Structures are given as structure tokens and as C-alpha cells.
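K.L.:
Please see the structure below; I have some questions.
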Amino acid sequence: MSLRDILIYPDERLREIARPVDAFEPELSELVGDMFETMYQERGIGLAATQIDQHRRLFVADVSEDRSGARAFVNPEIVERAGSVESEEGCLSIPGVNETIVRAERILVRARDEKGKAFEQELDGLLAICFQHELDHLDGRLFIDYLSPLKQQRIRKKMEKALRRERV
Ligand code: ZN
């Protein structure tokens, strides 16, 4: 397993739409392994393939406190949504930015695990939020897209400034 580099906003590759996974090969479990390693290293609760420049429909998540809740979601989709809840979110691709947006409170999801086994599950709480956030990544969407244009502009400027500083 190895750590992968995470794309940082406003990198345009974060806007790519991922294509479905259609083969469950050893290479896929290697990618999933790398994604878990990278997510844990960065102390994230979720990581989408898009964020490491792999434009395939899969993400990993672990919302537990002791790293006991590792889950991989391949070709994920939301079948039903219910309720709404305010959610304070951050993103490994937008470090240092935390904003509150509105998400569905409960979702019924369909996906496959890393071995290709299909399942359907009802999610709520943090995992439901995480699922919506990561699924957005696969469609080239970021949580800051839900903010006002003015706020988005401020975040973009802040991130561009930080990137310039890093290059010096
Ligand atoms: Zn994110």
C-alpha cells in the first residue's frame, strides 16, 4: 500500500465526473487500500477516488472514532432522501475551510463493496452526511458549491494565496 497525493482546490481535476467501476480486479483492492491509508494518514472520515486523481466511482469512509468502521462504496447511488439537517463540513481537498451547509438527514443508498457485492442500506447521522459529501466528489461537486457566490469567491482567493505561499 502507498500514500497518494490529494488534489487541492481549486485544482480543476476535482471537477471531473468519475466513470463507473465495471471490473472488480486486484488492482481495485489495491486502490481501495491506498485510499484508506491516505484517508487515515490525513485524519479524514472519507476520501473519494476523484481526490487522488482517479476518476472512478468509488469512495472510502470511516466515521468511527477508533478506525473500526472502514467501508468502501463502489458505484454508489442515493435511492431515497428524507429530512434535512445542518452539517458543518470540511474537506481534505480544501484544507482549513469549514462551513455549514444543508444535507438530507436520512438516505437509502445502493452500492457495491470492494469485492463487487451489491447492497442496499439506510444511512443516517455522520455516515449519511459523509456519503453525500463523497458522492458529490464523484460528480465533480464540492461542499463549498452550496455556499453563496461571495463566500465561494473568498474561499477560492484564500486557497490560491495559500498555494502561492507553498510554491515560494
Ligand atoms: Zn471532500
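Just so it is clear, none of the values below were taken in a lab; they were calculated from the coordinates. Predicted model only: the values in this text are computed from it and were never measured. Note that each Cβ is placed from the backbone with ideal geometry, even for glycine, and that neighbours are counted across all protein chains shown.
K.L.:
Please return the longest stretch of the chain lacking exposed loop sites, where trypsin sites (Lys or Arg not before Pro) count only if DSSP places them in a loop and at most 12 other Cβ atoms lie within 10 Å.
P.N.:
Excluding the exposed sites themselves, the longest stretch runs over 118-168.
K.L.:
Apply the a/c threshold of 1.5 to the C-alpha gyration tensor of the chain and tell me whether it is rounded, prolate or oblate.
P.N.:
oblate
K.L.:
Next question, about the same structure. If neighbour count is taken as other Cβ atoms inside 10 Å, put Thr50, Thr38 in order from fewest to most.
P.N.:
Thr38, Thr50
K.L.:
Take each uninterrupted DSSP H stretch in the chain, measure its Cα extent along the helix axis, and return the ones at 18 Å or beyond whose mean Kyte-Doolittle hydropathy is at least 0.0.
P.N.:
Helix filter hits for the chain: 125-138.
K.L.:
A follow-up question, please. Given the Cα-Cα distance of Leu163 and Ser29 and 0.36 nm per residue of separation, how much length would full extension add, in nm?
P.N.:
So the extension gain works out to 45.0 nm.
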